[in-house]
Amino acid sequence: MCTLKLPIGIENFEKLRTEGFYYVDKTGFITELLRNWGEVNLFTRPRRFGKSLNMDMLRCFFSHGCDSRLFEGLAISGEKELCEKYMGKFPVISVTLKNVEARDFPGARAMFCSLIGSEALKFRFLLESGRLSEEEKKQYAQLIRVDTSGRQGFAMPEEVLCGSLKLLSSLLHRHYGTKVILLIDEYDVPLDKAQQYGYYEEMVALLRTMFGLALKTNNSLQFAVLTGCLRIAKESIFTGLNNLKARSVMDVPFCGYFGFTGTEVKDMLKYYGLTEQHAQIREWYDGYRFGDTDLYCPWDVLNHADLLRAQPGAKPQAYWMNSSGNAILRTLLQKAAPQTRRELEALVNGECVTKKISQELTYRELYDSIDNLWSVLFTTGYLTWREETDRSTYRLAIPNREIREIFTEQILAWFQEEAGKDTSALDAFCEAFREGDADAVERQFTAYLRRTISIRDTGARRGMKENFYHGILLGLLSHREDWDISSNAESGDGYSDIQAELWEEETGIVIEIKYPDNGDLEAGCREALEQIERKRYAERLMQDGMKTIHKYGIACYKKSCKVRLETG
């Protein structure tokens, strides 16, 4: 029997089930949705937690013409009564707004027309329906009218676009005699992009009207399901929507249907012969808490399992970071006062911070205050909760090593940007290295460390801590564009942390960094210098013709450092 393929980026349920992909069974979501009824259901989860695949699963299950074989052997197939009553019994309108990211409102509006026009075109049989009047057929024709202005896609007058979802559901209700299920995936992406590009008010007005008509005053609606990252405040786009049932990461119902549980990950790793990698995968990608369930990020687990199958022993990567930007974290760092920086330091070092979380914001408010930024970091998956201390107040933590790496990388980038604003101080720092002034290097590097966030997490390996200080120092020395700087350069019998070659002066610099867990900086410096000698790190510099070589042993502990020099 052929091994099932890993479904990297597969969001089409039918393709996943018919073309030989591994599937983590989430069809219990259908059962719970039907038994915990809500006319309008909103599920907010971080990106890359399986929202889109779950939505397509719903589409396949409820749609007329459903192929029941897609669900054979899955949990929902054991619910005979529910399957007989609901499977394949409804017209379903399904749209995803994840790609609505135009730079201006006319462009975004055109994308909405195309999205809804393309969905409406799937029901072209309505033009021939004996249950629709000629006037209703004309109304349908407006939804699929092609834009003749030279722009690709569909064209709708403003009033048609605003009422398009309600109109299409009404026409399908008339044709089938059955109310409609409406699925809207990533409903808040257009608001995010609108805020970024300056047309937020126009987008709010469009969505408020469109959602209001489709979700609030729609007698043809059986129920609706929406997904997104944030729960947008009702006064923004859900005005007067009293039938909304919002399910956030704090709620127990549905908590296990977005993300992978520990059992699901173990079963997958066993299937692919990767059981021995479980501890490492847990360290990197577990740690999220939705409701009362601990979860892994599925995007990470799938990608790393795929890499391990191709390259056994491959090191984990920050797959989640590479799937989208991290602007919210950079903004927090830029706005952070000393107190906030201390809290960030506590988080990076494996501790918790206590914060009041608002789960109803508007995109316009996200950057208004540090408090709002904490809420967004939580709802978008940079932080997770460990304990509720009071109403809407939680102890928050970084969920796993992957997210800690993202924090560390962004902290280093922010620090380098901040340090780069004072070029005279950077020049003096680099000059001290060139001149072999260990005292000046120590004094100035200590001053820099006191301005950033230290890594001292007791759960982190020593090498990880050293890498952080390595990154800071490398960023500072990279200010000298006329120096030939190497990181982890092969030389002698190993790889030195940092080397610099000043060609015109025939001067070389070799640096080894240590993090003594007991805080003995002198011993750390000695160990670093001994390693430089033992592994002959200066050999490459000598081969390149460097006449003077400064060997620096640097020990760092929290926000302190010690520097020792040997010159040869």
Accessible area per residue, Å², the chain with all protein chains present, probe 1.4 Å: 43 Å²
Label point 7 Å beyond Cα of GLN196 along Cβ direction - residues of the range 50-69 with amide nitrogen under 20 Å: 50-52
Hydrodynamic radius (Kirkwood) for the range 125-284, which is based on Cα pairs only, to one decimal in Å: 19.2 Å
5 Å binning of all Cα-Cα separations within the range 24-140, expressed as whole percents from 0 upward: 2, 9, 15, 18, 16, 16, 12, 8, 3, 0
Dipole magnitude of the range 151-252 about its Cα centre (Cβ charges: Lys, Arg +1; Asp, Glu -1), debye to nearest 20: 400 debye
Quarter of Cα convex hull surface for the chain, i.e. mean projection, nm²: 31.1 nm²
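What does the charge add up to near GLU522, with Lys and Arg as +1, Asp and Glu as -1, over the other residues with Cβ less than 14 Å from its Cβ?
Summing Lys/Arg as +1 and Asp/Glu as -1 gives 0.
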Portion, in percent, of the accessible area of the chain that falls on carbon or sulfur, probe 1.4 Å: 45 percent
Over the chain, relative contact order from alpha-carbon pairs under 8 Å, at least 6 apart, %: 11 percent
For the chain, the longest site-free run once chymotrypsin sites (Phe, Trp or Tyr not before Pro) in DSSP loop states with at most 15 other Cβ atoms within 10 Å are removed: 38-502
Cα-Cα separations in the range 435-533 greater than 15 Å, expressed as whole percent: 67 percent
For the range 300-352 and the range 522-568, distance of Cα centres in Å: 31 Å
Simple Cβ-charge dipole of the chain, Lys/Arg +1 and Asp/Glu -1, about Cα centre, in debye nearest 20: 2120 debye
Selected from VAL225, SER236, SER248, residue furthest toward positive end of dipole (the range 222-300; charges at beta carbon): SER236
For the chain, share of DSSP beta bridges that run antiparallel, in % to the nearest 5: 55 percent
Pairs of Lys in the range 88-211 closer than 22 Å at Cα, counting only those 8 or more apart or on different chains: 15
MET542-TYR272 pseudo-label distance in nm [points 7 Å out on the Cα-to-Cβ vector]: 4.8 nm
All lysines inside 24 Å of LYS562 as judged from Cα atoms, apart from same-chain residues fewer than 8 positions distant: LYS465, LYS514, LYS535, LYS551
Those aspartates and glutamates that a straight Cα-Cα span of less than 16 Å connects to LYS26, excepting residues fewer than 8 apart in one chain: GLU11, GLU14, ASP56, GLU72, GLU79, GLU264, ASP267, ASP294
18 Å Cα-Cα reach of LYS355 towards lysines, excluding residues that sit fewer than 8 places from it in its own chain: LYS335
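The values are calculated or read from the model by the stated rules, or taken from the named source; none is laboratory data. Keep in mind that what you see is a predicted model, and the values were worked out from it rather than measured. Cβ sites come from the backbone with ideal geometry, for glycine too, and all protein chains shown count toward neighbours. For the accessible areas, the whole protein counts, side chains as well, though only heavy atoms, and no ligand, DNA or RNA atoms are used. Shrake-Rupley method; radii C 1.70, N 1.55, O 1.52, S 1.80 Å.
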